[in-house]
1. With 18 Å as the limit, write out which pairs from 489/552; 292/336; 552/597 have Cα-Cα distances beyond it, or answer none.
2. What ranking of 49, 583, 500 emerges when the number of other C-beta atoms within 10 Å of each C-beta is taken as an exposure proxy, fewest first?
3. Tell me the volume per residue, in Å³, of the convex hull enclosing the alpha carbons of the range 1-159.
4. So what's the gap between the Cα centers of the range 134-174 and the range 559-608, to the nearest angstrom?
5. So if each residue of separation counts as 0.36 nm, and I subtract the Cα-Cα distance between residue 449 and residue 174, what length gain in nm does that give?
6. Could you give the nm distance between label points at residue 87 and residue 597, where each point is 7 Å from its Cα heading toward the beta carbon?
7. Would you list 26, 323 from fewest to most Cβ contacts within 10 Å?
8. When only DSSP loop residues count, what trypsin sites (Lys or Arg not before Pro) in the range 7-116 have their Cβ near at most 15 other Cβ atoms within 10 Å?
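Where a number appears in this text, it was derived from the coordinates with a stated rule and is not lab data. Computed from a predicted model, the values in this text were never measured in an experiment. Counting neighbours? That spans all protein chains shown, and the Cβs are built from the backbone with ideal geometry, glycine included.
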Amino acid sequence: MSLNKQLWLIILSIVLFSFSFSFIFTTNISKHYLEQQLQIRNNESSESIAHSIAGLRKDPLTISAILSAQFEKFHFDSITLVDTSGKTLFEKRADSDNPLVPVWFKRLLPLNINPGTFETDDGSKAFGILSVANTKEYAYEELWNDTIHAFLWDLVLAILIMLLANLILRLTLKPLKDMVKVADNIGEKNTTRIAEPRTKEFKSLAQAINRLSRKIDSMFNDQSKLLEELRFEANYDPISGLMNRKYFSSRVASYVSNEESFTSGVLVVSSITNLAQINEKLGKSNTDAIIKRIGGALINLGKENPALLIGRLSGGDFTVFSTEPVDQNSLSLTIKKSLQNATLSLQNDFPNFSLSTISCVVNKSEQLEGLKNLISVIKSKTNPNDIDIMEIIDQDKMIKYEDSDEIEWRKMLNLAILSKSLKLASFPVVRPSGEILHQECPIRLQLIKDGAWHAAADFIPWAIHLNLVSKIDKLAIEFAMDQLSAGKKDIALNVSKGAISNPEYVVYLSSILAKNKELASHLWLEIPENSVFEHLTDFRKFCNLIKPLGCKIGVEHVGAEITRLGELHDLNLDYIKIDVSVIRNIDENPGNQAFLKGICLIAHSINVLAIAEGVQSEKEIQILPELGIDAMTGPGIEASIHA
């Protein structure tokens, strides 16, 4: 039995005892008072009537007439006159009953009253004993009414006491309920804290639970740090601290091949062409110190611009990739200047110091084949002041509108929104068993009537700039709910960058989900990792408001911010999608295998599904479940389904 029920039994027992005692005591006081009053009336009545007949003739007719008149006038219960020898001279009793008072009440609470007696005489000697009993019916009626009133007042008081007890009990036990909730959350791997209550016993229990919660938080943080160490060992150059060639290429390829977020970028490669001679003269340790200095300068550059991916390809080859469109000449000069500043002392010792830089614009492409060619060209560069510009041709070039002015873009986007020229693409997310978990449904927009359907990356930047992105997000939700109501199974919808910080969108989304609760459980909402941690406070509010409405919430493109994954363990997320840069060629990368296994362990420890993005090969499909992956998506999955 719960503590709450036990306390209520105690309270009810006390209230019932108090109610019964108060009721019985009050009723008996009333009964005793009425008995006293009625006894006094009996005595007074007998004395008064005895005096009234004392001077009269004592013939039977006279006595009978007077006493009968008194009986009828005052509604006595009985009048009896007995002479000195014990002979009854007159006796009359009432046989009426008060229908307002139940018989059982009279039997339960009988009024014990003796008739009033008084000795009467005929002037010279005693004549007899007069006994008078007033009717009890009025007394019973008064006692009945007093009892009902006492019962009602005691009942009201008991109810008020229980209401007050309920309030006090709720306030007293609230910390306990909070602690139970925290304990349940810990059981579900979602740690929270509880304010320490004033009650001494509860306070010590709350402190113990908070210690446990902090311990679990510390465990998540330790696991995240360990994962970051594994990620660094597998994907970063230990000397410069920059991405190694394989990881850099994988990250760039994942950006370039993502049609939902990538439009164009800039690749810059700088090379110290005579690093071998420098190493020969200064020795390995001094050369490594120079490499480390260069790496530090580039890392600082990356901190100033989060859109830059920076890596060390090999030896003296360093590369920077901007995931967003920028002026390639400006970026190239900035990088070259940063490297020159980091190697000033080296340039003084080596007058022939050679630093070559080359850059190119990168458009949408499935593979960055031009990277190898760029490196080859760099090797032939000799003039460090030259900046050659090359372009990698987009293999699947589409009609673009980058040259259109703002007015044209506003016109196209508004027309597309008004005409609802939007559709949802569909890419399966499949469990290892072959079961489809859900369909990824990125949005496609038709900017010109009967024209091509464009991925989000083509129009979202302009939509954000023109403050139209919330309208597109709302339209996407409408289409998703329409498809679900038409019978389509689970749909995963991308939430655009910044949408979680848009109160208008969040309110609209919550209202749609509240109206369609039966469909909400089939809607999966996924937010990019960078958006989550850029707007972490807003993301928490978003989860707290939207999650109770029944839909599933996840984080996509997980990998770069793995050390912060522990910050999300209390949000009750449903899934994470691990970035393609971690997944690509996972079968050939033992370091990333250990890293991925760690991510899956953390995800499973907080009851979150781990889903692999961008799966391409059959070998990847085979090994991923062994590492803990719960579901997969990507070109390789689509190919296996349609095979």
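1. Over 18 Å apart, Cα to Cα: 552/597.
2. 49, 500, 583
3. Working: hull volume 20.2 nm³, N = 159.
Here the figure is 127 Å³ per residue.
4. 65
5. My answer for the length gained is 93.0 nm.
6. Distance between label points: 12.6 nm.
7. Details: 26 17, 323 23.
So the residues, fewest neighbours to most, are 26, 323.
8. Values: sites: 31, 41, 57, 58, 73, 87, 92, 93, 106, 107; in loops: 57, 58, 87.
In loop regions of the range 7-116 (DSSP not H, G, I, E or B), the sparsely surrounded trypsin sites (Lys or Arg not before Pro) are 57, 87.
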